[in-house]
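Data block below; observations after.
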Amino acid sequence: MRRNTGRLLRGIALLSAVALGATACGGSDDDSTDKAVSASDVEAALKKGGTVTVWSWEPTLKTVAADFEKKYPKVKINLVSERSGDKHYTALSNAISAEKGVPDVAQIEYFAVNQYALGKGLTDLAPFGADKLASRYTPGPWNAVSEDKAVYGLPMDSGPMAMFYNKKVFDKYEIAVPTTWDEYVDAARKLHKADPKVFIANDAGDAGFTTSLLWQAGSRPYKVDGTNVKIDFSDANAKKYTDTWQKLIDEKLLAPVNGWTDEWYKGLGDGTIATLTTGAWMPANFVSGVPNAAGDWRAAPMPAWTKGDKASAENGGSSLTLPSLGRNKELAYAFVEYANSGDGVGTRVEQGAFPATKAELQSADFQSTKFDYLGGQEANKIFAESAANVASDWSYLPFQQYAHSIFNDTVGKAYVSGTKLADGLKAWQDASVKYAEEQGFTVEK
């Protein structure tokens, strides 16, 4: 059914064309997935063969694609991997807009799945049997790709959060590793007092990090039901975050450094940034980006908002989806299931990917893996526990990318001026509501 999707998404650069998928079922009548697609249908397609074009920047898929081609010699996987981030989404939206060159499989991060699904830009994989795979995945990633009975992708990886800390620095100043956010603030004060050059963490304002902390705290600022949305950062759980983080900002206990910059890598390497709370995919980035600090860092559970609480959150992660205008749906699904639920999962984990599948997370081999960089620590045990404790009821907006783009103009002011963090969140809320209404969404007050 057409739901005025064009007006809803107009002005969102990444999604300006997704609405064109609203009335499209795929490349041809044969591609329709309105009816169930049996395992024998998929097997017949594999025997017949063909080409599947996959747009993904994930490096481990290269090996997975080669293995898939060996197993099914009549199938060719055309892996297009030179784009990532905004360039990837812009290219995907442009292809949908032109109704030309749309890939059969597209990698889409969890925060953006809802955006494409709303515009009918993604194929529902439930008719292929994907809905039967729910129990294989951890709650956070599965919730991100599913809505009611529909499944818009299979989880590719996950980012359950942990706190990485520089053990060498904490030992030097005889500071206990914090287990709660209150203890974290105390540790920040002690570290900075012992050496004014040392900060507990860097934070110059980051939308993804902020929403992850809200997620863990139990705040649910976004509620989405099709084109009906609610945006509200005023709940008590959001206040846990603002009250705590405001102390760190006011007392100048956070290094004003953006992530993924040279200054950030330097701080992680020389001990002036003492912790990093982020997704479990981080160790590989430590190895490549901060080699001089090998052995100094360890992983610990994410600090709790209430002592003893094990609630965690996700930060990062992607799915593999089938765009509605793609072709060869049976072959495309076969590859996605192989990569994200079948033999490809083990291959990707061996190459450093962090899984979203329970079997891998709970396996003895996975959990006993020693991280040389982390002093031989079996850190996957911490990451797997985090994954199991991620609440599954988090939602992203159908225009989350736009919301992220205005974060620095709203919440970001709390880091560079006298604006309070709670006021920054209110400004972010108001700006997001205004935009939603301008695009035709129904906003619940």
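With all pairs of separate Cα atoms included, region 290-344 yields a Kirkwood hydrodynamic radius of 15.8 Å. Report the FRET efficiency, 1/(1 + (r/R0)^6), for Lys149 and Glu251, where r is their Cβ-Cβ distance and R0 is 45 Å, rounded to 0.05. Efficiency, from the Cβ-Cβ distance: 0.35. Once you have a ≥ b ≥ c as the square roots of the Cα gyration tensor eigenvalues for region 216-351, tell me rounded if a/c is under 1.5, and otherwise prolate or oblate according to whether a/b is larger than b/c. Oblate. Normalised by residue number, the volume inside the convex hull of the Cα atoms of region 61-113 is 96 Å³ per residue. At a 1.4 Å probe, what is the % contribution of carbon and sulfur to the accessible area of the chain? After summing per-atom areas, the C and S share lands at 49 percent.
Below 15 Å Cα-Cα, how many Lys pairs turn up in region 344-445? Only count pairs eight or more apart in sequence, or on different chains, if you could. So the count of such lysine pairs works out to 6. Ranking Glu444, Glu337 by solvent-accessible area of protein heavy atoms (1.4 Å probe, all protein chains present), from largest to smallest, gives Glu444, Glu337.
The Asn94 and Ala176 beta-carbon pair, evaluated with R₀ = 41 Å, returns a calculated FRET efficiency of approximately 0.20. Under the simplified labelling scheme, the Lys420-Lys47 pair shows an inter-label distance of 7.0 nm, with each label point 7 Å from Cα along Cα→Cβ.
With a cap of 10 neighbouring Cβ atoms within 10 Å, and only residues DSSP puts in a loop, list the trypsin sites (Lys or Arg not before Pro) found in region 137-168. Sites meeting the loop and neighbour criteria: Lys149.
Working from label points 7 Å from Cα in the Cα-to-Cβ sense, the Ala134 to Ala391 distance is 2.0 nm. Here the ratio of the Cα radius of gyration of the chain to 2.2 N^0.38 Å is 0.99.
Hey, what's region 358-435 come to in accessible area per residue, 1.4 Å probe, Å²?
Ligands and nucleic acids excluded, the result is 45 Å² per residue.
Distance from the Cα centroid of region 412-445 to that of region 132-159 is 29 Å (rounded to whole angstrom). Between Gly344, Gly153, Gly85, the residue with the greatest mean-square fluctuation in the GNM of the chain (Cα pairs under 10 Å linked by springs) is Gly85. For the chain, adding -39500 (n - 2.57) for each run of n ≥ 4 DSSP H residues and dividing by the number of residues yields -11500 deg cm²/dmol at 222 nm. Any idea what diffusion coefficient region 364-445 gets from Stokes-Einstein, in µm²/s, Kirkwood Rh on alpha carbon pairs, 25 °C, 0.890 mPa s? The diffusion coefficient I find is 152 µm²/s.
Centre-to-centre, using Cα atoms only, region 242-311 and region 323-381 are separated by 25 Å. Identify which of Tyr72, Tyr116, Tyr265 has the largest mean-square fluctuation in a Gaussian network model of the chain, with springs joining Cα atoms closer than 10 Å. Comparing Tyr72, Tyr116, Tyr265 in the GNM, the peak value goes to Tyr72.
Ordering Thr275, Trp245, Ala65 by the projection of their Cα atoms onto the charge dipole of the chain, which places +1 on the Cβ of Lys and Arg and -1 on the Cβ of Asp and Glu, puts Trp245 at the extreme positive end.
Please work out whether region 208-265 counts as rounded, prolate or oblate from its C-alpha gyration tensor, where a ≥ b ≥ c are the square roots of the eigenvalues and a/c under 1.5 means rounded, while otherwise a/b larger than b/c means prolate and anything else oblate? Oblate.
Total lysine pairs in region 211-330 at Cα distances under 29 Å, for residues eight or more apart or on different chains: 22.
The values are calculated or read from the model by the stated rules, or taken from the named source; none is laboratory data. Keep in mind that this is a model prediction, so the values were computed, not measured. Ideal geometry is used to build each Cβ from the backbone, glycine not excepted, and the neighbour counts take in all protein chains shown. Please note that ligands, DNA and RNA were not included when accessible areas were found on the heavy atoms of the full protein model with its side chains. Shrake-Rupley method; radii C 1.70, N 1.55, O 1.52, S 1.80 Å.
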